[in-house]
Structures are given as C-alpha cells and as structure tokens.
C-alpha cells in the first residue's frame, strides 16, 4: 500500500516505514503529524482519492547542503556569490489509515 501526500508545495509517494525529508514543519521532534493523502493505492490494486490519512513521526530538523548561487556578466566586471541552505524536517511514515 502506498499514498501520495502533499506538503511544502511538493508531492511525495510514501509507504509505511519510509524516511523522508520535507520542507520544515512547525512540530517538535518526537511528535506525530497527520497528512491528508491525495491518493491511496491499496494492496489489491484499488485506488481511492482524498480518503484516509497518513500518520508520520517527526525525527529531526536540520539544514541541507549548501547551494552556491553565482551570477556573472561577461565583460562587465560583475560577479556575485551567494549561498543558501534549505531547512528540512525528517519524518518517518508510521502507517496509512483507511477511513
């Protein structure tokens, strides 16, 4: 069984027992979070849309690897460096409940 959830403006295909890094959530580590799935595909092959819920446990918060943004204009003596590290929340998918 798997489900498709949406969080942080992105969609993720999740299964029970899966670890996942999503955009930062305002939840403390150790707490549980519920997501409303866009789609659930059961083991027998049937598909349901908008039914059920996905229960996940928040493992930790952190920041990703640094991404360098470099702007350059040839022959104009223009160079700009900027770095960015995106915040994330690591979650563990506990179960997919059918409603």
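Residue 76 falls short on exactly one of the conditions (1) more than 24 Å from residue 4 (Cβ to Cβ); (2) within 16 Å of the chain's Cα centre (by Cα); (3) in a loop (DSSP other than H, G, I, E, B), and that condition is (2). Among the conditions (1) surrounded by 11 or more Cβ atoms within 10 Å (Cβ to Cβ); (2) free of Cβ contacts under 8 Å to residues at least 24 places away in the same chain; (3) in a loop (DSSP other than H, G, I, E, B), residue 13 misses just one, which is (3). For region 32-73, filtered to residues that are outside any strand (DSSP E or B) and at pLDDT 95 or above, the residue that is farthest from residue 19 (Cα to Cα) is 66.
The values are calculated or read from the model by the stated rules, or taken from the named source; none is laboratory data. What you see is a predicted model, and the numbers here were worked out from it, not measured in a lab. Note that we place each Cβ from the backbone using ideal geometry, even for glycine, and neighbour counts take in every protein chain shown.
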